[in-house]
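Remarks on the structure that follows.
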Amino acid sequence: MSNRLLAHLGKAYLGLILFFLYAPILVMAAMSFNASEFYQLPFSFSTEWYERLWKNDEILEAAWRSVWIAVVVTVIATSLGTAASIALFRYEFPGKTVLQLLLFPPIAIPWLITGTAMLIFFFGIGLDRGTPAVIIGHAALALPYVIVVVTARLATFDRTLEEAARSLGASAWKVTMAVTVPWILPGIIAGGLFAFAVSFDQFVVSYFLSEPGDSTLPVLIYTSIRKGFTPEINAVSTIIIAVSMGIMLLAARYSNFGGEQ
Amino acid sequence: MSSLSARQDRIRAFTLLSPAYLWLTVAVFLPLSAMVFFSFLSDVPFGDREWHGTLENYQEFFQTSTYATLLWKSLKLGLMVTGISVLIGFPCAYVLAKVIKGRSREALFLLVILPFWSNSLVRIFSWAIVLRGNGVLDFAANAVLPWDVRINLMFSPTAIVIGLVHSYLPYVILTSYLALQAIDDSLIEAARSLGAKRRTILTRLILPLAAPGILAGAVLIFVPVVGSFMEPRLLGGRRGTYYGTVIEDQFVAVFNWPLGAALSFILLAVVLVILGAFSPILRRART
Amino acid sequence: MGEVRVEHLVKTYGPARALDDVSLTFPDGGFFGLLGPSGSGKTTLLRAIAGFVAPDTGRVIIGGDPVENVPVEKREIGMVFQNYALFPNMTVAENVGFGLEVRKVPGADRARRVAEALELVQLGHLGARKPHQLSGGQRQRVAMARAIVTQPRVLLLDEPLSALDKALRVDMQIELKRIQREIGITTIFVTHDQEEALTLSDRIGILKDGRLVRHGPPRAVYDDPQDAFTARFLGEANLFSGTPEAGGLRLADGALIAGCTSSTAAVRPENIAITLQEPEAPNRLQANLVQQVFGGAMGTCILDWQGESLKVIGRDQDMQGLPEQGPVWLSWDSAKTIALNG
């Protein structure tokens, strides 16, 4: 009947949206396996661009730098963010709402503004462009995400468990490590994966803070694209998108992001 | 007695909170303040350069029409991308929240949201491959259509809009989906039992109830689009000059940091006004 | 207004039969209670009448018109939902007026009818409020007013009182009954609360596993449940099984239930008397008092008879002479023996 027809139309529409979202990515991935340097069709399969990638020291170096920066950022943002989340959850104190509101500027202000402001300030205090500046910037951007994700998990935590543990004589530290942290662990893992993704995919802030010739992978890709397209960029982009989607799928497993709320 | 434990609690809270907020202060709040300071300088205060306090940078914005025009152009781009995303995204969120039932819904929702969390630069680049002349779209159109067509959307405003909609569409789907999911199905059943047709249910019930979610999504798209520079650069080419790209130029090409800071600060003011105006809605949509 | 009839309704979900050949008539102007344990199909039946569930086969007839192919919005029904389903974005008056609005009733007329409906549920002064500013009982009344203002042919209530606390529920039962009498609308309601069903309905139907087990006036069904399921589901019952013989039902311990011709008999807990001495009554047996439960005016005794648990309910003052535990005699009037099939 007309209801069922409408449902079918709805599903077809959803399919169209998914096509719009994924088609360009799939095209890019396909082209990275195409032999033609100028993306000429018809398609003929080749792994040449991936082989070249393997021999391109500049790209390999940038990729390696991106990964270890992301790991450092993840460790910093996750530990600082988890501590802050627990405090925001557990204690009542004046100014708490202000602290919670302060988490939103880093998320909501366009990265162009944040990135240029960081550049100015870091330069002003004598910290030049380079990897330390990038790490400080990335961690600051990742922190609010970690706090939001861990806080969401904490909201499902039963406070009386902490009270029960304390009534049994456990110290505050012991309570945190033995009761609270195990419960919110999925949230911490999800928050860490978000932090990794924010850093690994970060372009804007890295662009302003990293040194030319010593940049992260997204910055290198941006400058290469502006010089002209090459299938090598395709290949490395395909790898990046696969990695970042994989990380988010993992994060989705650990947070109930996308589930019924 | 209770004051002692209250003080202890406060010390513990402070210990747990200070590292995170110190970090945010050093990396976000102090830089934003420094940007304001810089925007009132004649030159960067580094080395032995001469500098003094001035309003010149702001005068440049208000006296020449160049920057204001570009800001207006960026705001229009923001409105357009936001409008298209809402129009495309809301029905999609509706299908996900109210038409699809069972386990497949969660998987499909994840599939829609996933690109949003993947690398935006790479996604913009992928559109470049599709849209360029002799590109995939061109090839596909010629394969399907009987006559000869030349499709080269690359380096056009259309390309920029397509890329940005692709980047931010999942945002409005996400917020609308959460708002729609919060609408109990029994409300829709109640309206039907009272004789309401589909259109009435949509306009009198679903849209008003989902409005905070839709608006939240719209704001979350509008703000970053106004400040975008990478997307116009890659997809717009020479025609891709927007407010964001001009700011970028001040920092990486022209090296007029004080002017860049002033332009950034004006953008920040615009953004904060918008966020402030919508903050009650944004807060409601989050809960 | 009108009679509602369902004929041979079948609804399956995969292998499960939510409705299994249900035929039933809901008389015009009557108050019909549908009862059953969860999963019995009572809600499915109500939703099939409303039109939210499309039956696989069978007919639904409202006021003489077959409506199987009529969508919900054209069935002219009024429905009250378990959670009331008040539109949170509209005021009380807008909620109540919604059905009139979609029927394009002109403004002045609409306002008058909304006011009347709110008056009927005694909420005339709250029209400007939003649902979240109301108490549970008030929401319930708004939902009622909204459902009846369009003068539907049938009023469907899906566990309308289950969200209220006990004291309020009793008040609302009386209120519901008054409103229904005043407008004389055919009403069908679903409940899992048997007491509520007995209080409100002038006819009840009991469902089990998608089948209609028994229906009729509440007292008739209560006094003569006919089968063990109904006897236990509607009220409480002590069941006795044995061998039927000439004089009655012979039980395992040798006691005889006089006049009972079937192999199973039921006796309501409130119809049994407990004494220390052996009574004169024709139906008597000896059991072991296990526990006394004080319940205010009424008390409950749990007894053990031949390894089975029995229950007796009586006035507290009649039970004060009984020991905490020990052997006692149970007896009841022959008229109170309920013979069950099978």
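The values are calculated or read from the model by the stated rules, or taken from the named source; none is laboratory data. Quick caveat, the model's predicted, so the values are computed rather than measured. For neighbour counting, all protein chains shown are included, and Cβ atoms are generated from backbone atoms with ideal geometry for every residue, glycine included. Keep in mind that these areas ignore ligands, DNA and RNA; they rest on the heavy atoms of the full protein, side chains included. Shrake-Rupley method; radii C 1.70, N 1.55, O 1.52, S 1.80 Å.
Points worth noting:
- With Cα atoms, 0 to 90° folded angle of helix C:166-183 axis to chain C main axis: 60 degrees
- Cα gyration tensor shape for the stretch C:4-229, rounded if a/c is under 1.5, else prolate or oblate: prolate
- For C:70-82, mean number of other protein chain Cβ atoms within 10 Å: 4
- Both chains summed, the buried accessible area for B and A stands near 8000 Å², from protein heavy atoms and a 1.4 Å probe.
- Rounded to the nearest 20 debye, dipole of the protein assembly as shown from Cβ charges on Lys, Arg, Asp, Glu: 1640 debye
- Checking every one of the trypsin sites (Lys or Arg not before Pro) in the stretch C:63-105 against DSSP loop status and a limit of 15 other Cβ atoms within 10 Å picks out C:R103, C:K104.
- Shape class of the stretch A:49-258 from the Cα gyration tensor (axes a ≥ b ≥ c, square roots of the eigenvalues): prolate, since a/c reaches 1.5 or more and a/b is larger than b/c.
- Packing-based order for C:319-325, A:212-218, using average beta carbon neighbours within 10 Å, highest first: A:212-218, C:319-325
- Here the contact order of chain A, divided by its residue count and restricted to Cα pairs under 8 Å and six or more residues apart, works out to 29 percent.
- Solvent-accessible surface of the stretch B:30-156, taken per residue with a 1.4 Å probe and all protein chains present: 50 Å².
- Among the protein heavy atoms of the stretch A:55-206, carbon and sulfur supply 70% of the accessible surface, probe 1.4 Å, non-protein parts ignored.
- Axis of helix A:2-31 versus longest Cα principal axis of chain A: the two differ by about 70°, to the nearest ten degrees.
- Averaged over peptide B:28-41, the number of partner chain Cβ atoms lying within 10 Å of each residue's Cβ comes to 6.
- Per residue, the solvent-accessible area of the stretch A:49-258 (1.4 Å probe, heavy atoms of protein chains only, all protein chains present) comes to 40 Å².
- Projecting the Cα positions of A:L209, A:Y222, A:V175 onto the charge dipole of the stretch A:49-258 (unit charges on Cβ atoms of Lys, Arg, Asp and Glu, taken about the Cα centre) puts A:V175 furthest along the positive direction.
- Net dipole in debye of the stretch C:4-229 [+1 Lys, Arg Cβ; -1 Asp, Glu Cβ; about Cα centre; nearest 20]: 540 debye
- Atom-type composition of the exposed protein surface of the stretch C:4-229 places 49 percent of the accessible area on carbon and sulfur (1.4 angstrom probe).
- Neighbouring partner chain Cβ atoms per residue of B:253-259, average, 10 Å criterion: 1
- Mean Cβ neighbour count within 10 Å, used as a protection proxy, ranking C:291-300, B:165-174 highest first: B:165-174, C:291-300
- Under 22 Å from C:K311, Cα to Cα: lysines that are on another chain or at least 8 residues apart: C:K336
- Sites excluded, GluC sites (Glu not before Pro) in DSSP loops with at most 11 other C-beta within 10 Å, longest stretch of chain A: A:93-259
- Across the stretch B:96-102, coupling constants 3J(HN,Hα) worked out from phi with the 6.51/-1.76/1.60 Karplus curve, θ = phi - 60°, read 5, 7, 10, 9, 7, 10, x Hz, and Gly and Pro carry x.
- Placing unit charges on the Cβ atoms of the charged side chains and taking the dipole of the stretch B:64-222 about its Cα centre, the candidate lying farthest along the positive direction among B:T158, B:I188, B:G89 is B:I188.
- Check: the stretch A:70-169 dipole with +1 on Lys, Arg Cβ and -1 on Asp, Glu Cβ, in debye: 40 debye
- Protection proxy ranking of C:44-52, C:60-68 - average other beta-carbon atoms within 10 Å, highest first: C:44-52, C:60-68
- Each of C:V328, C:L256, C:V312 was placed along the dipole of the stretch C:236-340 (beta-carbon charges, centred on the mean Cα), and the one lying farthest toward the positive end is C:L256.
- In this rough spin-label picture, where each label sits 7 Å from Cα along the Cβ direction, the B:A182-A:L102 distance is 2.7 nm.
- Chain C, accessible area per residue, ligands and nucleic acids excluded (1.4 Å, Å²): 44 Å²
- Averaging the sequence gap over all C-alpha pairs within less than 8 Å and six or more residues apart, then dividing by the number of residues, gives the stretch C:4-229 a relative contact order of 31 percent.
- Anisotropy class of the stretch C:7-83 from Cα gyration tensor, a/c 1.5 cut: rounded
- Taking only the Cα atoms of chain B, the ratio Rg/Rh comes out at 1.07, with Rh defined as the Kirkwood radius.
- Chains B and C together bury roughly 1800 Å² of accessible surface, counting both sides and using a 1.4 Å probe on protein heavy atoms.
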